[in-house]
Amino acid sequence: MAETLGTLCDKLTIVKLKQYHSEDSGSLASLTDQAIQLRNEIDEFVAAALNRIIPLEKLTFAPNKVYKKGGNTIREIDGSIGEVFSLLIEINCTLWHEQEKVYEFERIPAEEKDKVVKHLAILNLERNQCIDKIDKGFRLVVESVGQIIE
């Protein structure tokens, strides 16, 4: 899969969540290696984009999200790259804990099950919107740096 800054940031947040929730020393060592690798990949990606090694059109993907928009209202995701990345972290944390409920779905009262599933769906849509916003924001930065240099 081709990576973007948003997808790399998303992966790093997941690795950090796994580190936070893990107690196994073997897993923690592996996750530490993964976190270092992802941080390095982010640094390399940013440098390559700023040096125009990565073409502008490869900094973003068209979202092409296919879902029923009616009844799936999500909040507007906006802000700087850092603000959106921070929101992505919050969403992934919430998503992690909501997903934990699904692992014991039989314990959730019947009247609450629909709410849990709907919340997961909305969180996933918001997560994807954060990834897209990070990518678009970064592309704008790279474009503006390129204009200054030219």
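Kindly check whether there is at least one residue in segment 130-145 that is free of Cβ contacts under 8 Å to residues at least 12 places away in the same chain and either open to solvent by 60 Å² or more (accessible area, probe 1.4 Å) or among the basic types (Lys, Arg) (or both). Yes, that holds for at least one residue.
Let's see how each residue does on (1) without any contact (Cβ under 8 Å) to a residue 24 or more places away in the chain; (2) surrounded by 17 or more Cβ atoms within 10 Å (Cβ to Cβ); (3) of a type in the set (Asp, Glu):
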position	(1), (2), (3)
Leu8	no, yes, no
Tyr20	yes, no, no
Glu23	yes, no, yes
Asp33	yes, no, yes
Ala47	yes, no, no
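This table checks each residue for (1) β-branched (Val, Ile, Thr); (2) in contact with a Ser or Thr (Cβ under 8 Å, 6 or more places away or on another chain).
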site	(1), (2)
Gly6	no, no
Leu12	no, no
Gln19	no, yes
Asn40	no, no
Ala48	no, no
Gly71	no, no
Val84	yes, no
Glu104	no, no
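Can Lys118 be described as at negative phi and open to solvent by 80 Å² or more (accessible area, probe 1.4 Å)? For Lys118, the condition - at negative phi and open to solvent by 80 Å² or more (accessible area, probe 1.4 Å) - is met. Within segment 39-62, the set of residues being within 25 Å of Gln129 (Cβ to Cβ) and not in a helix (DSSP H, G or I) comprises Ile54, Pro55, Leu59, Thr60, Phe61, Ala62.
Inside segment 20-45, residues that are more than 26 Å from Ala2 (Cβ to Cβ) and of a type in the set (A, V, I, L, M) make up a count of 2.
The values are calculated or read from the model by the stated rules, or taken from the named source; none is laboratory data. No experiment lies behind these values; they were computed from the predicted model shown. Note: ideal-geometry Cβ built from the backbone for every residue, glycine included; neighbour counts use all protein chains shown. Ligands, DNA and RNA are excluded from the accessible area calculation, which covers all protein heavy atoms including side chains. Shrake-Rupley method; radii C 1.70, N 1.55, O 1.52, S 1.80 Å.
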